[in-house]
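Data block below; observations after.
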Amino acid sequence: MTLKTPGEIDAMAEAGRAAAKTLRAMREAIVPGKTTTLDLEEVARESLRSLGAKPALLGYKPAFSEATYQHATCISINEQVIHGVPGPRVLRNGDVVSLDLVADVDGWLADTTITVPVGEVSTKAQRLIEVTRAALVRAVEVIRPGLRLGDLGNTIQKIVERNGFSVIRELAGHGVGRTVHEEGLDVFNFGRPGTGLTLRPGMTFAVEPMVSVGKAAVEHRLGDPWTIYTKDKSLAAHWEHTVAVTEDGCRVLTRE
């Protein structure tokens, strides 16, 4: 785990601004019944290019895979939790879609995700999106030097579970900086207060609640080495910010 200087955090924030603006462009491009996830991939590539950023996921080879990833974004629909691969699938009215990307500006990275409704969605789907976002907002509010990761995870867990949803326990946030996944930080969305690593100024990481309407179990499916689905096929949502721990609290790096 590498602690970042204030200047390095500023550099990550430049990538974060490009990432946030690109997510907005993707969201605004969605037309129910017409837009495909591959269309949104193209929007993301063009947006990042116009903002002087590169897509850090393109050509990335994570530790869990034998292959490199061939897209700039991950776009996950309905029961897909994370790592959905852009393709010809058309977004339909009522879908829930998570838009995830990592921007690179001069070698500094920032990772962010939003989940959005496509057209008119069910009350439960809208509530899922809102609760998952609320968990992220509250997590950012409590991050500060001296906080334990168990406390951070517990904060997210309580918000999710008191609303009747489930935290995905097999997946976690991670360190971010010069690489997409920096070693030394696993930021789970559940935990026991007073346990885990103590946060220090200069730490930079992705905090990313991943939540399902149903049970927490997830799975891969045959023929798809990337996408992770809820095992019970229930709807999932995912919100993510890259943050930096500062001397007086938390700085969110993935805002416009």
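The values are calculated or read from the model by the stated rules, or taken from the named source; none is laboratory data. Because the structure is predicted, anything quoted here is derived from the model rather than measured. All Cβ positions, even for glycine, are placed from backbone atoms using ideal geometry, and neighbour counts span all protein chains on display. Heads up: the accessible areas ignore ligands, DNA and RNA and are worked out on the full protein's heavy atoms, side chains in. Shrake-Rupley method; radii C 1.70, N 1.55, O 1.52, S 1.80 Å.
Points worth noting:
- For beta carbons closer than 7 Å, sequence separation of 6+ or different chains, a first residue in region 23-35 that is farther than 17 Å from residue 121 by Cα and a second that is among the hydroxyl-bearing types (Ser, Thr, Tyr), the qualifying pairs are 23/112; 25/47; 29/35.
- Residues located in region 7-22, provided they are without any contact (Cβ under 8 Å) to a residue 12 or more places away in the chain and either open to solvent by 70 Å² or more (accessible area, probe 1.4 Å) or in contact with a Leu (Cβ under 9 Å, 6 or more places away or on another chain) (or both): 10
- Residue list for region 143-187, restricted to those being of a type in the set (Asp, Glu) and within 17 Å of the chain's Cα centre (by Cα): 170, 182, 186
- Criterion (in a loop (DSSP other than H, G, I, E, B) and small (Gly, Ala, Ser)) met by exactly one of 153, 164: 164
Residue-wise test of (1) hydroxyl-bearing (Ser, Thr, Tyr); (2) modelled with pLDDT of 95 or more; (3) touching a Ser or Thr at 6+ places or on another chain (Cβ under 7 Å); (4) open to solvent by 30 Å² or more (accessible area, probe 1.4 Å).
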| site | (1), (2), (3), (4) |
| --- | --- |
| 86 | no, yes, yes, no |
| 100 | no, yes, yes, no |
| 118 | no, yes, no, no |
| 123 | yes, yes, no, yes |
| 126 | no, yes, no, yes |
| 138 | no, yes, yes, yes |
| 168 | no, yes, yes, no |
| 173 | no, yes, no, no |
| 180 | no, yes, no, no |
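- Complete set of residues in region 153-164 that are touching a residue at least 40 places away in the same chain (Cβ under 8 Å) and either touching a helix residue (DSSP H, G or I) at 6+ places or on another chain (Cβ under 6 Å) or surrounded by fewer than 18 Cβ atoms within 10 Å (Cβ to Cβ) (or both): 156, 160
- Evaluation of residue 227 against (1) assigned to a loop (DSSP other than H, G, I, E, B); (2) surrounded by 15 or more Cβ atoms within 10 Å (Cβ to Cβ); (3) within 15 Å of the chain's Cα centre (by Cα) (one fails), failing number: (1)
- Residue in region 191-205 that is closer than 24 Å to residue 55 by Cα, touching a Ser or Thr at 6+ places or on another chain (Cβ under 7 Å), open to solvent by 30 Å² or more (accessible area, probe 1.4 Å) and in a strand (DSSP E or B) present: no
- Criterion violated by residue 66 - all others in (1) over 24 Å from residue 236 (Cα atoms); (2) open to solvent by less than 70 Å² (accessible area, probe 1.4 Å) satisfied: (2)
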